[in-house]
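First comes the structure, then the notes that go with it.
The values are calculated or read from the model by the stated rules, or taken from the named source; none is laboratory data. None of these values were measured; they are calculated from a predicted model. Cβ coordinates were reconstructed from backbone atoms using ideal geometry, including for glycine residues, and neighbour counts include every protein chain displayed. These area figures cover heavy atoms from the full protein model, side chains too; ligands, DNA and RNA do not enter into them. Shrake-Rupley method; radii C 1.70, N 1.55, O 1.52, S 1.80 Å.
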Amino acid sequence: MKKLYTALLTSFDKEGYINEKGLREIIRFNIDVNQVDGLYVGGSTGENFLLDTASKKLIFKIAFEETNGAVDLIAQVGSNDLHEAVELAKYVTDLGYKTISAVTPYYYKFDFEEVKNYYNTILAGVETDMIIYSIPFLTGVSLSVDQFAELFENEKIKGVKFTAADFYLLERMRTRFPDKLIYAGFDEMLLPALSLGVDGAIGSTFNVNAKRARATMEAVEKRDLDQAFLEQSKSNDLIEAILANGLYNTIKIILQEEGVDAGYCKEPMKKPSVEQIERAKEIYRTLV
Ligand code: HMN
């Protein structure tokens, strides 16, 4: 069965500090109500790249405690500070995480040897599995099939979170690496990714749209493409509205309407305006 992972949000207070109670509520909602298979902790959706090391560790710890084995966990430990990535990989491994992930290093134009050294260095000190986090539209780093093959020579690297709209590359990857895990990273393109045989999906909108995403997966499993299209189309009405109103703020407001203390985003992300809040509530009433 294909796996559905929520990319975990972080609840922050008005000053941008972690709201532990709220974070625990988001985790519980994903386990109890959304019934997802797992959580992707410390990704873009968690506003991870705005955080210091201590805050990242706190989130990993809270997620591990609160899930208490109920669902799978993947800890995104990647960082442009390779020392930090190594430290976080060891930290989550000691907590008991079985799988880590790391975003490709970004901002500077690293060559492939540097990218490869980054993954092998993170993995040298731990026995966990690794899922590469490939998200070229934010990092500017695009890897070729041959480069993935070279990274996969490290047997701890079990797969990739593929957040790209390049379906030719996705098909080439699926064909070349039948035994590697490929997780789709764009929720609005879940159906085409499923049609190319991904093993599951990791996404932000599953915080509020997990049941429909699951229905899409089940329809594809049954080869009922009409139903799968219908589900994806309904999901995309929601995702389109969420993206137009501001991704993370809107998901947080929708969760608040569900009674979850999802809190605020952390600066430099903006607080939502009155209009944004009203629109998010309308999206909740009409599209969730
Ligand atoms: C993460 O790192 O938190 C997520 O896995 C990222 C995930 O791929 C999301 N991408 C971003 O937010 C950049 C998607 O779920 C995305 O939010 C969604 O498809 C809407 O575009």
Open item on the list: If a residue counts only when it is at pLDDT 95 or above and more than 15 Å from the chain's Cα centre (by Cα), which helices (runs of 4 or more DSSP H) contained entirely in segment 77-144 have at least 2 such residues?
Closed with: 82-95, 112-124
Task: Single residue of segment 33-54 satisfying the filter (more than 25 Å from Phe137 (Cβ to Cβ) and without any contact (Cβ under 8 Å) to a residue 40 or more places away in the chain) that is least open to solvent (accessible area, probe 1.4 Å) - done: Thr53
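Only one residue in Lys98, Lys109, Lys61 is under 20 Å from Ala7 (Cβ atoms), of a type in the set (Lys, Arg) and out of contact with any helix residue (DSSP H, G or I) (no Cβ under 9 Å at 6 or more places or on another chain). Which one?
Lys98
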- [ ] Give the residue that is farthest from Ala213 (Cα to Cα), with candidates limited to residues of segment 160-194 that are of a type in the set (Phe, Trp, Tyr) and within 14 Å of the ligand (Cβ to nearest atom).
- [x] Phe162
Open item on the list: Taking the condition of being more than 16 Å from the ligand (Cβ to nearest atom) and on the phi < 0 side of the Ramachandran plot, how many residues in segment 63-96 meet it?
Closed with: 17
Open item on the list: Condition first: away from the ligand (no atom under 13 Å from the Cβ), among the β-branched types (Val, Ile, Thr) and either free of Cβ contacts under 8 Å to residues at least 24 places away in the same chain or farther than 22 Å from Ile27 by Cα (or both). Can you find one or more residues in segment 218-239 that meet it?
Closed with: yes
Open item on the list: Report every pair of residues separated by at least 6 positions or lying on different chains whose Cβ atoms are under 7 Å apart, first residue within segment 1-15 and over 16 Å from Leu247 (Cα atoms) and assigned to a loop (DSSP other than H, G, I, E, B), second open to solvent by 10 Å² or more (accessible area, probe 1.4 Å) and among the hydroxyl-bearing types (Ser, Thr, Tyr).
Closed with: Asp13/Tyr264; Lys14/Tyr264
Open item on the list: Within segment 64-76, take every residue that is open to solvent by less than 60 Å² (accessible area, probe 1.4 Å) and not in a helix (DSSP H, G or I) and give me the one that is farthest from Gly159 (Cα to Cα).
Closed with: Val71
Open item on the list: Being among the small types (Gly, Ala, Ser) and away from the ligand (no atom under 13 Å from the Cβ) is the filter here; which residues of segment 1-16 pass it?
Closed with: Ser11, Gly16
Open item on the list: Which numbered condition in (1) touching an Asp or Glu at 6+ places or on another chain (Cβ under 9 Å); (2) of a type outside the set (A, V, I, L, M); (3) open to solvent by less than 10 Å² (accessible area, probe 1.4 Å) is the only one that Thr128 fails?
Closed with: (1)
Task: Lone qualifier among Asn30, Asn19 - being within 16 Å of the ligand (Cβ to nearest atom) and in contact (Cβ under 8 Å) with a residue 24 or more places away in the chain - done: Asn30
Open item on the list: Just to be sure before I move on: is Ile157 within 16 Å of the ligand (Cβ to nearest atom), within 14 Å of Val103 (Cα to Cα) and crowded, with 16+ Cβ neighbours inside 10 Å in the structure I sent?
Closed with: no
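Residues are listed down the side, and each one gets a yes or a no for (1) closer than 22 Å to Asp237 by Cα; (2) of a type in the set (Gly, Ala, Ser):
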position	(1), (2)
Thr163	yes, no
Thr175	no, no
Ala184	yes, yes
Pro192	yes, no
Ser195	yes, yes
Gly200	yes, yes
- [ ] Enumerate the helices (runs of 4 or more DSSP H) found wholly within segment 208-288, keeping only those where 3 or more residues are touching a Lys or Arg at 6+ places or on another chain (Cβ under 7 Å).
- [x] 225-245
Open item on the list: Cβ-Cβ under 9 Å, sequence separation 6+ or interchain: first residue in segment 192-214 and under 22 Å from Val41 (Cα atoms), partner of a type outside the set (Val, Ile, Thr) and modelled with pLDDT under 95. Which pairs?
Closed with: Gly200/Met1
Open item on the list: When you check Ile277 against the structure, is it away from the ligand (no atom under 15 Å from the Cβ), open to solvent by less than 80 Å² (accessible area, probe 1.4 Å) and farther than 20 Å from Gly38 by Cα, yes or no?
Closed with: yes
